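The values are calculated or read from the model by the stated rules, or taken from the named source; none is laboratory data. Note that the coordinates shown come from a computational prediction; the quantities given were computed from them, not determined experimentally. As a convention, Cβ positions derive from the backbone with ideal geometry for all residues, glycine included, and neighbour counts pool all protein chains shown. Surface accessibility is based on the protein's heavy atoms, side chains included, excluding ligands, DNA and RNA. Shrake-Rupley method; radii C 1.70, N 1.55, O 1.52, S 1.80 Å.
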Amino acid sequence: MENWYAETGPDEDVVISSRIRLARNFKDIAFPARANKKQQDQVISIIKEALPEMNCYLMNDLPNLEKEYLIETHTISSDLAKSKKNSCLFTNDERASVMVNEEDHMRIQSVFSGLRLEEAYDDCLKIERNNKLQENYAFTYEFGYLTACPTNTGTGLRASAMVHVPALVISGKINSILDSCSKLGIAVRGIYGENSGSGAHMIQISNQVTLGQSEAEIIASIKNIIGQIAVLERQERQNLLEKGGIHFTDKIYRALGILKNTRCIDTEEALKLISEVKMGLDMGILKGATTSDIVTILTNVQPACLQKIEGRILTPDERDEARATFIRENIAKVE
Amino acid sequence: MLCERCKKNEATMVLTKIINNKKTVTNLCAECAREAGNTMQMPLDGLGSIFSGLLGLETLWKGGPIQSIGTVKKCPSCGMTKEDIMREGKLGCGDCYITFIDEIRPLLRKIHGNCLHHGSVPNVDEPVKVRKEAKNEAPEKSPVEMLQDKMKEAIAKEDFETAAALRDQIKELQKEGM
């Protein structure tokens, strides 16, 4: 599978990634939570037949480290990894992948760097519009695509973006933005789904309404909100620089100083400092690395990614040491 | 689960009787549930009243001291009841949307602000590009016609429960002027 974070994208100073997820179920087969083994196998065989070019990885057969790695890179949900059902991931060299037998029979998804929701949607359609799959979708003209949870009924579309907003978090202005988002029916979450702290100053913005609007309308409204947040974040970065002066620049150089010299660092501190260095690079205070370099580091300092790079299981202490080494090596070129 | 009365057909209804404050629960197939309805001397002038009778709950047993009697609707395909859906917050299969259509519509309206799909349609070719003005290409048949076909199919299969649900859906759509 292609890594979305290794490439550049529009508005990448604020928008880390854009993701589209389409939920689809097959008619005459109970949804995964209600399906027996035979029905789950039936779902897998329909998809295998329709998408012969994709590889199927059963969650039960995958080692834990591999599953955690897939969660950290946002390829699968933790629900899919935990599922005792016949859950699997369909993937190949292309960007889009399919989670099978999670909450719905199919969750087609695609992630792009920067603000590129339309591209991600088009990418999902390459799978979604498959003739053999389309014949089987559970669909009514009244309700659209039928999903296990009524919050996804209709288009089954979730358009989301990971947004890096350190200046809005530091100034506290993020709260009023979050308020207005909730009034507009837009969901906001921390970095890895619900209830996670946004230590790296990342928030995830997504649509809540899936029924009554077309896919294009949903994508356009999310894109519009994210565009506005990006403008506000840039203004606030400029504000902080003008008002904070040397103290603001100092904060960024200190973050870089720690990352260049650390010998042992936990994930949370690493994410926070890398986030500050990223802001410094985006604002032209620091030089020597691209946004995608930094996003690659941000992704790889997570526990499972780090252990994959090291090629073995590490204890928490060993991880903190390996993380420090990895960061020092990769951030050396930043000045 | 097999019907506890005839032990032949799949049980799709739950008959709950409360007699002298004693509750009994019986899983029945549609056929036996209808017969149970007959013995209760409920007006049976057509498809709708069978179910409205069975679902209308309060009725009197001929000469018996029944306080209340009722059946719990179950999805014929996956066996989910309304209580299951409320407890889990999720539906069991696509057919649940038809079986529990009266409950689903207000629920969807509450979540999404409306309950009519405006997005893409399977097998209707759309350019693989997000269109600025997405218009729902009209299907060859209107939604009502599609549902009427389905209802005829259900009646031919003697699946009256689905047929009744479809009939209600058609009525609702006609009201909305579809």
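Let's see how each residue does on (1) within 7 Å of another protein chain (Cβ to nearest Cβ); (2) part of a loop (DSSP other than H, G, I, E, B); (3) open to solvent by 10 Å² or more (accessible area, probe 1.4 Å); (4) acidic (D, E):
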| position | (1), (2), (3), (4) |
| --- | --- |
| A:K85 | no, yes, yes, no |
| A:R95 | no, yes, yes, no |
| A:I108 | no, no, no, no |
| A:F112 | no, no, yes, no |
| A:L115 | no, yes, yes, no |
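In segment B:82-99, the qualifying residues are those that are in contact with a helix residue (DSSP H, G or I) (Cβ under 6 Å, 6 or more places away or on another chain) and touching a residue at least 60 places away in the same chain (Cβ under 8 Å), and the one that is nearest to the other protein chains (Cβ to nearest Cβ) is B:I98. Go through segment A:285-335 and give me each residue that's farther than 15 Å from A:Y5 by Cβ, open to solvent by 10 Å² or more (accessible area, probe 1.4 Å) and β-branched (V, I, T). Across segment A:285-335, the qualifying residues are A:I285, A:I313, A:T315, A:T325. Restricting A:R237, A:R254, A:R263 to residues that are out of contact with any Leu (no Cβ under 7 Å at 6 or more places or on another chain), of a type outside the set (A, V, I, L, M) and within 28 Å of A:I186 (Cα to Cα) narrows the list to A:R237.
Considering the conditions (1) open to solvent by 10 Å² or more (accessible area, probe 1.4 Å); (2) more than 22 Å from the chain's Cα centre (by Cα); (3) more than 14 Å from every other protein chain (Cβ to nearest Cβ), A:N130 is excluded by exactly one of them, (3). Looking at (1) open to solvent by less than 40 Å² (accessible area, probe 1.4 Å); (2) part of a strand (DSSP E or B); (3) under 23 Å from A:I309 (Cα atoms), which is the one condition that is false for A:K67? Going through (1) open to solvent by less than 40 Å² (accessible area, probe 1.4 Å); (2) part of a strand (DSSP E or B); (3) under 23 Å from A:I309 (Cα atoms) one by one, A:K67 breaks only (2).
Looking only at residues in segment A:152-170 that are among the polar types (S, T, N, Q) and assigned to a loop (DSSP other than H, G, I, E, B), the one that is nearest to B:P122 (Cα to Cα) is A:T155.
Here is a yes/no grid of residues against (1) farther than 27 Å from A:N300 by Cβ; (2) open to solvent by less than 10 Å² (accessible area, probe 1.4 Å); (3) within 14 Å of chain B (Cβ to nearest Cβ):
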{"position": "A:H201", "(1), (2), (3)": "no, no, no"}
{"position": "A:Q204", "(1), (2), (3)": "no, no, no"}
{"position": "A:G212", "(1), (2), (3)": "yes, no, yes"}
{"position": "A:I229", "(1), (2), (3)": "no, yes, no"}
{"position": "A:E236", "(1), (2), (3)": "yes, no, no"}
{"position": "A:K243", "(1), (2), (3)": "yes, no, no"}
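Within segment A:234-254, the presence of a residue that is under 26 Å from A:N330 (Cα atoms) and part of a loop (DSSP other than H, G, I, E, B) is excluded. For segment A:279-300, the criterion of being touching a residue at least 40 places away in the same chain (Cβ under 8 Å) and within 14 Å of A:E321 (Cβ to Cβ) is met by none of the residues.
Scanning segment A:27-64 for residues being open to solvent by 40 Å² or more (accessible area, probe 1.4 Å), within 14 Å of chain B (Cβ to nearest Cβ), of a type outside the set (K, R) and part of a helix (DSSP H, G or I) gives a total of 3. When segment A:133-151 is filtered for residues that are in a loop (DSSP other than H, G, I, E, B), within 23 Å of A:S18 (Cα to Cα) and more than 7 Å from chain B (Cβ to nearest Cβ), only A:T147 remains. Can B:L107 be described as under 24 Å from A:I222 (Cβ atoms), modelled with pLDDT of 90 or more, within 7 Å of chain A (Cβ to nearest Cβ) and touching a Pro at 6+ places or on another chain (Cβ under 6 Å)? Yes, satisfied.
Looking at B:T99, B:T81, just one residue is at pLDDT 90 or above, under 30 Å from B:T24 (Cα atoms) and surrounded by fewer than 19 Cβ atoms within 10 Å (Cβ to Cβ), and that residue is B:T81.
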